[in-house]
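Beneath this line is the structure, given in structure tokens, with notes to follow.
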Amino acid sequence: MKKRLLFFLFCCVTFFSNAQYGEYDTVKAGPPFKIFDNLYYVGNDFVSSYLLVTKDGLVLLDATYGKYPAHILQSVNDLGFDPQQIKYIFCTHAHYDHFEGADTLQEVTHARVGMTDYDWQVANGTIYNEYSSKTVKMKRDWTINDGDSLKLGNNVLHFYVTPGHTLGVLSIAFKVYDGNKSYKAFMFGGIGQNFTGVKQTQLYLNSVNRILKMKNLSVNITNHPGAGDIFEKAEKLKIRKPGTQHPFVDAKGFKQWLLDLKKDALKKLQEEKKKAKGNQN
Ligand SMILES: [Zn+2]
């Protein structure tokens, strides 16, 4: 019965989404893949979604949009897990490509959906944002605050509010396992600098500086695959020889990536200040 219901929902989601995005949607969704013993990629080639496996249930990090929640559920199933065991869905921010799918996923799995206060207001339509969903108004479920944490099995998810990309970006730190080794992974929930204004740019810069000060970050889990070369690293992982370094473990590379974001943000800050001055004159 449950399987039939799931299949029905797949069909509904696919039908409605094709109608909604139609020919403009050129995104490709390939097969899921394992990154660490407890972390899998279940997103598409535009926006990420990760499946974090714990003894206390499955967690989805970002929900994608349109027809892709069906791809996520199919991927979870194909990886050998029961989609009904998805207990939590955390959305990094309230731009449609990261949260819109949480609506359907919650309906199918009854998972708790977590987002920050500000971005819940965007997600439910109280605050306007041009990149929010045109079709889904999510009802507020679980509001995540800075410093919150969630213990699940032998993992603890640590939550940070890192505004900039939106005013309520959620970033998450957690452990990933590679055999008998474990590493600290970090998902910066709002990478792109496609926003305007001195204030928001300063907030972004503060968030990047804050992350730069965090200790032992060695795995960069990006919410768009292109932003962190997720597919390139996955190719390296496929041909990795036993006993050699895991291609996703790269503390130095992570730090440099953050420093590059900082450099861009500093440049943007100067431009935004110039623009603001120009508007005053
Ligand atoms: Zn965004």
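The values are calculated or read from the model by the stated rules, or taken from the named source; none is laboratory data. Keep in mind that what you see is a predicted model, and the values were worked out from it rather than measured. Using ideal geometry, Cβ is built from the backbone for each residue, glycine included, and neighbour counts are taken over all protein chains shown.
The table below lists the values:
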quantity: Counted residues, the range 134-164 - those being part of a loop (DSSP other than H, G, I, E, B), touching a helix residue (DSSP H, G or I) at 6+ places or on another chain (Cβ under 8 Å), surrounded by 15 or more Cβ atoms within 10 Å (Cβ to Cβ) and not aliphatic (A, V, I, L, M); calculated: 4
quantity: Subset tally (residues that are surrounded by fewer than 24 Cβ atoms within 10 Å (Cβ to Cβ), touching a residue at least 24 places away in the same chain (Cβ under 8 Å) and outside any loop (DSSP other than H, G, I, E, B)) for the range 188-206; calculated: 7
quantity: Single condition residue 257 does not satisfy, out of (1) assigned to a loop (DSSP other than H, G, I, E, B); (2) at pLDDT 95 or above; calculated: (1)
quantity: Residue that is nearest to the ligand (Cβ to nearest atom) [pool: residues in the range 165-183 that are more than 18 Å from residue 123 (Cβ to Cβ) and in a loop (DSSP other than H, G, I, E, B)]; calculated: 179
quantity: Residue that is nearest to the chain's Cα centre (by Cα) [pool: residues in the range 229-255 that are closer than 18 Å to residue 192 by Cβ and not β-branched (Val, Ile, Thr)]; calculated: 229
quantity: Top-ranked residue of the range 90-133 - restricted to ones that are more than 22 Å from residue 164 (Cα to Cα) and in a loop (DSSP other than H, G, I, E, B), ranked as nearest to the chain's Cα centre (by Cα); calculated: 101
quantity: Selection count where residues are under 21 Å from residue 106 (Cα atoms) and of a type in the set (Phe, Trp, Tyr), scope the range 134-162; calculated: 2
